[in-house]
Each structure stands twice: as structure tokens, then as C-alpha cells.
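Since the structure comes first, as C-alpha cells, the remarks are kept for the end.
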Amino acid sequence: MSDLPKLCYLGEVPVECSYHGSALLWRLLENYPSKDLMIVEGFHRSSVERRLPGAWYFSPLPPGIGRMLRTRYGVAVSEVLYRTIPILTAIVLPSVAYWKPQAIITVCHGLFWLVAAKVANILKVPLHLIVHDHVPDTVPERLRDRISHDFGRIYPTAATRFCVSEGMVLEYTRMFGITGQVLYPSRARSLFKQPSVAERCGIVSTGLTGVFAGTVAGPMYINALAALARQLAGMGGRLVIYGLFTRAQAAPYGLDLPNVEFPGLVPATVLRERCQQEADFLYVPVRFDRDVNVRVCFPSKLADYTEMGLPLLIRGPEYCSAVQWARKHPGVAQVVATEDEGELLEAIKRLSNPETRRTLAEEALRIGEHYFSHSRAESVLFSALARSSA
């Protein structure tokens with residue numbers, strides 16, 4: 001810990017104990033010495049009660065910007081913000097410079113990471129990038145060419161380039177001629193007791209229950225959920241979808257089926273408890289799409305899924321990072337690498353066997369602990385920061 005630099009985070013993703021990218025950042029930084037941590041929030045502010053204890057949070061921009069980005073004027077607002085990056089940098093710079101950071105870290109998402117890059121360049125301190133999504137896909141289409149150019153210019157110059165998957169490292173090495181370092185999503189620290197295979201894995205089920213927990217990101221994911229629901233219905237099973245997605249949102253896509261339930265968003269401890277009580281398997285759908293994001297992104301839900309002691313059903317194209325990860329570790333998941341719903345049905349039938357479910361769950365626990373443990377992610381991050389500081 002004594003080798004760690006004074007670290008300033010500047011980014012569009014809030015650092016808070018909530019969900020999605022915010023939760024992953026909170027986990028990465030929760031053990032960082034609070035006296036050496038400054039968090040500059042961009043267009044979206046964290047909730048005070050969910051912040052890292054002791055860390056200095058600084059919100060220099062008006063709170064309404066984040067809300068405007070979520071309205072029908074979001075594209076126009078994004079274009080204005082892109083043009084004002086130098087102004088935003090000038091607003092942020094005095095406070096950051098006064099604090100005298102020894103390193104800047106950011107998540108390459110949206111636009112505010114460009115401010116982080118400019119601040120690091122002006123202050124002549126190392127810049128550390130965390131990349132979870134292909135950056136051009138995180139902005140409106142009209143800005144993607146410009147963001148692609150900016151990312152191609154900044155990525156090679158960073159002190160550390162943390163990529164969310166091996167596929168991303170390879171893709172960006174090909175694109176930019178410089179390698180990155182894999183930093184997989186991590187689990188929470190000591191949130192649960194020693195994980196074990198759920199008792200339900202050894203029980204014969206007359207109708208299987210599949211669970212999906214997370215963001216339903218667009219029509220392709222809805223179709224993937226609907227395909228699973230249809231096949232489960234034919235076997236007397238059901239699909240439970242945890243998250244902000246509602247039955248009303250599902251209705252236009254034909255997902256408001258009688259065997260689909262929408263319990264809403266629940267805390268991680270509650271989700272784990274319910275899954276172990278009612279789920280026979282956990283579902284990981286990936287878009288059947290040829291864009292870069294499918295090849296390089298890694299489902300962060302696998303970090304928590306593999307801790308629940310339940311089997312995984314991964315459905316996506318052969319070239320996506322989730323399927324590649326499962327192929328690398330045979331027996332970690334039931335994999336369906338085709339859009340053919342007949343193949344999906346056969347996979348569900350295989351999961352009807354309690355012994356198959358138990359074996360898959362055990363392997364998911366073992367491999368998940370190796371890849372996604374909190375200690376591993378923290379070690380990767382802290383070691384890189386200490387090396388750069390030295």
C-alpha cells in the first residue's frame with residue numbers, strides 16, 4: 001500500500017456501491033487508501049450514501065447535464081459537450097492540480113475520459129485506462145468517427161491499458177500496435193460466506209427455472225430472452241428476469257409470456273439467496289452480431305454468476321468473448337453457439353439432469369474464483385499503479 005500513488009479518478013461512470021460499471025469501480029477502489037484517492041465526477045453524480053468512505057468526491061459540473069443526456073436532446077447535448085472538452089478541462093484542472101495527484105485513472109466510456117487524458121497530459125502524470133466497452137459504441141453515432149480517432153491517439157500513450165477480456169487485448173493490439181493488460185470484472189470483497197454448489201443442483205426438477213439478472217440492452221437481448229422463455233414453456237419451465245426491465249417494456253417484443261416473471265432490481269445478497277433457492281441455471285445471452293463490441297466485451301455478470309453455485313447457460317456466437325472463455329475451460333458452462341432454437345432446447349434438456357447441473361456448477365465455482373476473485377483484480381490494478389509510480 002505504501003507504494004501506491006496519489007490517485008485521481010476522472011470519469012463519466014460514478015464510483016458507488018450500486019450496480020453495473022459503478023459497482024465494479026467501487027469494488028476495485030474500496031481498499032485504496034482514502035487519503036490518497038480523489039474522485040472527480042463527470043456528467044453523472046454518485047449517491048452520497050453509496051460512496052467510498054473517506055475518499056474526496058468532487059463534482060465540478062452542474063447536475064443537470066446527466067439528466068439532459070438521457071432526454072431526446074441527448075445527441076445534441078453530447079455534440080456540444082464534445083466540442084467543450086477544453087473548457088471542461090479548464091474547469092476541472094485547478095482543483096486536481098492543487099491536490100497534486102501522481103496518477104490519473106479513468107474508464108473509457110462516453111466523453112469525460114477525454115478530460116482525464118488532457119488533465120494527465122497537462123500535469124505530466126501517468127494515465128491509466130480501464131476499457132470495458134468498445135469506446136465508439138458508448139457515444140451517439142454522429143460522434144463515433146471522432147471518438148475512434150481520439151481513442152486511437154490516446155490508447156497507445158497510456159501508462160497502463162486495462163482491457164476487460166483477452167479478446168479485447170488481441171483486437172486492440174491489432175488495431176493500435178500495442179498490447180494491453182487483462183483486468184476481468186471482479187466480485188465483491190467478502191460479501192458472502194465460502195461459496196458452495198446450491199442444493200437445488202442435486203434436485204430433480206419437473207420444470208426448470210432459468211434466471212437472467214442485469215441490463216436488457218436492446219432488442220437482440222430481448223429476443224434472446226424470449227427464445228429461452230419459449231423453449232422453457234414447452235418443458236413446463238419458467239424464466240425469471242431480475243433488473244429494471246418490466247413486463248410493460250417486454251410486451252411489444254412478445255416477452256410478456258405467462259412463464260416469465262419480472263421481480264425487479266434487488267440487492268446482491270437477496271439476488272444470490274433467491275437464485276440458490278429457485279434457479280436451476282443462470283442465463284448469459286450475447287448478441288449474434290458482427291460488431292467489435294461482441295468480440296471484445298466480456299459479460300460482467302459472469303463474475304457474480306460463477307459465485308452462486310449454479311450452472312451457466314451461455315448463448316452467443318462462437319467469436320464472442322463469453323463463448324471463447326467457456327471453450328477455453330470445458331465444463332464451465334453449457335454453451336449454445338447458434339441462433340437455432342432447437343440447439344437451445346437440447347441444451348435445456350441436458351440441464352434437466354441434476355448430475356450435469358452439479359458438475360457444471362462446481363466447475364463454474366472453481367474457474368470463477370480463479371478469474372474473478374476480488375483479491376486478483378485488486379492485485380492486478382494496484383501492482384500496475386505501483387509500478388507506474390515507481
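Mean projection of the Cα convex hull over all viewing directions, computed for the range 61-113: 4.2 nm².
Under 26 Å Cα to Cα from residue 35, which lysines show up? Leave out anything in the same chain fewer than 8 places away. Candidates past the 8-residue exclusion: 6, 100, 118, 124. For the range 45-61, backbone phi angles converted through the Karplus equation (6.51, -1.76, 1.60; θ = phi - 60°) give residue-by-residue couplings of 9, 7, 7, 4, 6, 9, 7, 5, x, x, 6, 8, 9, 10, 10, x, 9 Hz, Gly and Pro being listed as x.
Measuring how big the range 5-59 is from its alpha-carbon positions, Rg and Dmax come out at 9.9, 27 Å.
Solvent exposure of the range 103-205 amounts to 44 Å² per residue of accessible area, where only protein heavy atoms count and the probe is 1.4 Å.
Measuring r between the beta carbons of residue 73 and residue 261 and using R0 = 41 Å, the FRET efficiency lands at 0.70.
Report the FRET efficiency, 1/(1 + (r/R0)^6), for residue 204 and residue 369, where r is their Cβ-Cβ distance and R0 is 25 Å, rounded to 0.05. Rounded to the nearest 0.05, the efficiency is 0.35. Helix content alone sets the calculated 222 nm mean residue ellipticity of the chain: runs of n ≥ 4 DSSP H residues at -39500 (n - 2.57) each, divided across all residues, give -13000 deg cm²/dmol.
Less than 5 angstrom separates the built amide H of residue 281 from those of 209, 211, all sequence-distant by 5 or more or on a different chain. Provide the net charge surrounding residue 247, with neighbours chosen by a C-beta distance below 15 Å and charges set as Lys +1, Arg +1, Asp -1, Glu -1. Charge balance in the 15 Å sphere: -1. With viscosity 1.567 mPa s and temperature 4 °C, the Kirkwood radius over alpha carbon pairs of the range 291-384 converts through Stokes-Einstein to a diffusion coefficient of 92 µm²/s. In sequence order, the range 278-290 has phi-based couplings of 10, 8, 9, 7, 10, 9, 10, x, 10, 4, 8, 9, 9 Hz under the Karplus curve 6.51 cos²θ - 1.76 cosθ + 1.60, θ = phi - 60°, and Gly or Pro positions carry x. Considering only beta bridges that DSSP places wholly inside the chain, some 0 percent are antiparallel. When a 1.4 Å probe is rolled over the protein heavy atoms, the share of accessible surface on the chain that falls to carbon and sulfur comes to 53 percent. If you sort 51, 142, 72 by accessible surface, 1.4 Å probe, largest first, the order is 72, 142, 51. Probing with 1.4 Å while keeping every protein chain in the model, the per residue accessible area of the range 1-67 equals 42 Å². Over the range 59-178, the Kirkwood radius and the radius of gyration, each from Cα atoms, give a ratio Rg/Rh of 0.97. On C-alpha positions alone, give me the angle between the axis of helix 354-372 and the longest principal axis of the chain, in degrees, nearest 10. Orientation of helix 354-372: about 10 degrees from the principal axis. In whole angstrom, the range 1-100 maps to an equivalent ellipsoid with semi-axes of 25, 17, 10, each derived as √(5λ) from the alpha carbon gyration tensor and ordered largest first.
The values are calculated or read from the model by the stated rules, or taken from the named source; none is laboratory data. What you see is a predicted model; the values in this text were computed from it and never measured. Quick reminder, even Gly has a Cβ in these numbers, built from the backbone with ideal geometry, and neighbours come from all protein chains shown. Remember, those area values only see protein heavy atoms, side chains included, never the ligands or the DNA or RNA. Shrake-Rupley method; radii C 1.70, N 1.55, O 1.52, S 1.80 Å.
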